[in-house]
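The values are calculated or read from the model by the stated rules, or taken from the named source; none is laboratory data. Remember, predicted model here, so these are calculated numbers, not experimental data. Here Cβ is always computed from backbone atoms with ideal geometry, including for glycine, and neighbour counts include all displayed protein chains.
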Protein chains: 2
Amino acid sequence: MAERPSGPLAMRHFRSEVVPVPPPPADAVLLRNIFVSVAPGARAVMQGAAYRRQLLPGEVIPSSVIAEVVAAPPGGPEPGSIVGGAGGWQEYSVVPTSEIWPLERVGELSHHLGLLGRNGLTAYFGIREVAQLRAGETVVVSGAAGGVGHLAGQLARVAGAQVVGITSSAEKNEILRRQLGYTATVNRRSSSFADDLRAACPAGVDVYFDNVGGPVREVVLPLLARHGRIVCSGVTAHYDADRPPVGMTDIAMQLIVKSLRMQGFLVADYLPRWGTAQRELHALQEAGELTVLEDIRHGLDSAPGALIEMLAGGNIGQLAVRLAPDPPGW
Amino acid sequence: MAERPSGPLAMRHFRSEVVPVPPPPADAVLLRNIFVSVAPGARAVMQGAAYRRQLLPGEVIPSSVIAEVVAAPPGGPEPGSIVGGAGGWQEYSVVPTSEIWPLERVGELSHHLGLLGRNGLTAYFGIREVAQLRAGETVVVSGAAGGVGHLAGQLARVAGAQVVGITSSAEKNEILRRQLGYTATVNRRSSSFADDLRAACPAGVDVYFDNVGGPVREVVLPLLARHGRIVCSGVTAHYDADRPPVGMTDIAMQLIVKSLRMQGFLVADYLPRWGTAQRELHALQEAGELTVLEDIRHGLDSAPGALIEMLAGGNIGQLAVRLAPDPPGW
């Protein structure tokens, strides 16, 4: 990060540097990154403390990585082994040993950033645990074509729900309906957005899987049915700004009069169950129940532009940057 | 209500009228009110749709009542029987038969508006069900000396929690600590409010029982511990204004990064369990575990001033207006 953004993210906020690869300290490993993720949360920490502490100018943009271990302390992972980790937008990353994890050898390698990574697991536990979803209910997903959203909507469909997706374009919406089995879709940029959403949810909204927050949430809230549930997965509408927009209505009052639950969660809460979840996600994909949408860019220099495009609503599915070919055997 | 308030509630927004008592229609009863409640929710519906539709100028201020049945349709309650109901600030109320309920013959009559009425039941189900409270946890109650708050804090204490109360005066706080067994109290009008609250909750806040919303919630939110719970019971800070104040921070982001649950509820959600709850509340009071604070005013003309005082933070405990003596046998 070259400087802290003031207003919408732009290329001037990034800088590319070539520096020597440092030897890792005793409690860290040196990774050669194969994939780095491009996720909206990176924008949030550029602005202030969010999922992690605020990023400082000159620091590396943090991201999930899929990587090959180059060097590790005694008792650490084998050099050459493939791991996931909390790294950054770098060709090589030095990562504390406590922040890497072995990959279950299922599915395609890139899926460990998406379907089998944080995004897939967020969709999985959000729908399976937080939403308390029942068959026949109506689920609305915002950011429905995004990395988390396109999987959350499909998992809701698999659970027997009516799934209504909100995105920012007709092109994305057609993909959701035709390829992913969404019941209906609504374009949040349409002038008739609120009316369109109400028409798509004639029995009200039982579960709102909220990836975006902001003005879209204000449109969905009045449509929630009694005992509805709001799964707070992300607030991307708030990330690309100096400060979050103010609420337009009082959230607590809406929660009270309809007995709503609003619950945030971190995928890390479910760590002991990640393996089970990954096996089920992979099986659903193999059975044709889950379609994975991926958008893989190439080379580290493509990462800033991909993040800017994502924040402007331009991406579909899991966005990642490939830095190296898959290792043998994947 | 003489006119819709614009800004803080004042006596000019009320008007007292003497009108003939109408004969009740076939599906309604005529009640002689013994007690009418004074509750912040009345202010909310004077402004707009909240717990019920917006009140119109010329309509009667709605309230819970404890009343004697004067006339009822065939098959309805016996004339002379004592009931609770959704009435208003009137000496006599005509109430649909579906909106009255028999009173369990336990405790003092006035307690059926407080300890055994909506306030007590709201405290009971909020602590017992919504909060998912565990012994040893820290509970913060706002509006802690109010009709709901002073019971919620005590029920949390009975469940083994550390209970920290927030009120608007040192006088109320002393009552909470000395008479009700609160662990600590904080004055929200103190210039050191945020620091005082942090010092009173050294291990963070596990449950926030929120009766007030508004700026107090913004001070409590950063203190919540991981997996904390916010029980949305009321938003009195928002009631005495033309429109609710805007949020100072994004609530969803705070819910996400700490995996918080925010849940609204209505006491009506637990209707089948009211009887059980009332018997337990009464038993706790008989055993000296629950102290009931009551503030009983006399005569209908005292109601508007009592509501204005309550909204300004002037009341302690359950506020009600007595219109008639207790009937024989109570």
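If you filter the range B:264-276 down to residues that are of a type outside the set (A, V, I, L, M) and within 14 Å of chain A (Cβ to nearest Cβ), you find that the one that is surrounded by the fewest Cβ atoms within 10 Å (Cβ to Cβ) is B:D269.
Pairs are defined by a Cβ separation below 6 Å, a sequence spacing of at least 6 or placement on different chains, a first member in the range A:1-28 that is closer than 25 Å to A:V69 by Cα and at pLDDT below 95, and a second member that is of a type outside the set (F, W, Y) and loosely packed, with under 10 Cβ neighbours inside 10 Å; no pair meets this definition.
Is it the case, given these coordinates, that A:R118 is basic (K, R) and surrounded by fewer than 17 Cβ atoms within 10 Å (Cβ to Cβ)? Let's see the steps before the verdict.
Details: basic (K, R): yes; surrounded by fewer than 17 Cβ atoms within 10 Å (Cβ to Cβ): no.
It is false that A:R118 is basic (K, R) and surrounded by fewer than 17 Cβ atoms within 10 Å (Cβ to Cβ).
One line per residue, one yes/no per condition, for (1) over 24 Å from B:I316 (Cα atoms); (2) within 14 Å of chain A (Cβ to nearest Cβ):
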residue: B:G147; (1), (2): no, no
residue: B:R157; (1), (2): no, no
residue: B:E174; (1), (2): no, no
residue: B:R178; (1), (2): no, no
residue: B:R189; (1), (2): no, no
residue: B:R198; (1), (2): yes, no
residue: B:V235; (1), (2): no, yes
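When the range B:293-330 is filtered for residues that are part of a loop (DSSP other than H, G, I, E, B) and over 20 Å from B:V83 (Cα atoms), the ones remaining, listed by number, are B:L293, B:A312, B:G313, B:G314, B:N315, B:I316. Looking only at residues of the range B:25-59 that are closer than 17 Å to B:W101 by Cβ and polar (S, T, N, Q), we find that the one that is farthest from the other protein chains (Cβ to nearest Cβ) is B:N33.
A quick yes/no check of all residues on (1) buried (at least 19 other Cβ atoms within 10 Å of the Cβ); (2) assigned by TED's automatic domain parsing to the domain that holds A:R15; (3) under 29 Å from A:Q54 (Cβ atoms):
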position	(1), (2), (3)
A:D240	yes, no, yes
A:M253	yes, no, no
A:I256	yes, no, no
A:M262	yes, no, yes
A:Q278	yes, no, no
A:A287	no, no, no
A:L300	no, yes, yes
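For B:G313, the criteria (1) closer than 18 Å to B:A10 by Cα; (2) modelled with pLDDT of 90 or more; (3) of a type outside the set (D, E, K, R) hold in every case but one, which is (2). Within the range B:212-227, residues that are assigned by TED's automatic domain parsing to the domain that holds B:G165 and closer than 16 Å to B:A199 by Cα reach partners that are assigned to a helix (DSSP H, G or I) and β-branched (V, I, T) with beta carbons closer than 9 Å, at six or more positions or on different chains, in the pairs B:L221/B:I251. Being closer than 16 Å to A:L311 by Cα and at pLDDT below 95 is the requirement here; does A:V235 meet it? Here the answer is yes, as A:V235 does meet what is asked.
So which of B:V106, B:V83 ends up being over 30 Å from B:G58 (Cα atoms) and surrounded by fewer than 24 Cβ atoms within 10 Å (Cβ to Cβ)? Steps first, answer last, please.
Details: B:V83 fails: over 30 Å from B:G58 (Cα atoms).
None of the other options fit; the residue is B:V106.
Scanning the range A:123-174 for residues that are assigned to a strand (DSSP E or B) and at pLDDT below 95 returns a single hit, A:G146.
Being more than 14 Å from chain B (Cβ to nearest Cβ), surrounded by fewer than 21 Cβ atoms within 10 Å (Cβ to Cβ), more than 21 Å from the chain's Cα centre (by Cα) and farther than 29 Å from B:C232 by Cβ is the requirement here; does A:E309 meet it? No; evaluated as a whole, the condition is false for this residue.
Here A:D210 fulfils each of the conditions (1) at pLDDT 90 or above; (2) more than 8 Å from every other protein chain (Cβ to nearest Cβ); (3) buried (at least 22 other Cβ atoms within 10 Å of the Cβ); (4) within 29 Å of A:G107 (Cα to Cα) apart from (2).
When A:A225 is tested against (1) within 20 Å of the chain's Cα centre (by Cα); (2) at pLDDT 85 or above, exactly one condition is not met: (1).
Scanning the range B:175-186 for residues that are hydrophobic (A, V, I, L, M, F, W, C) and part of a helix (DSSP H, G or I) returns B:I175, B:L176.
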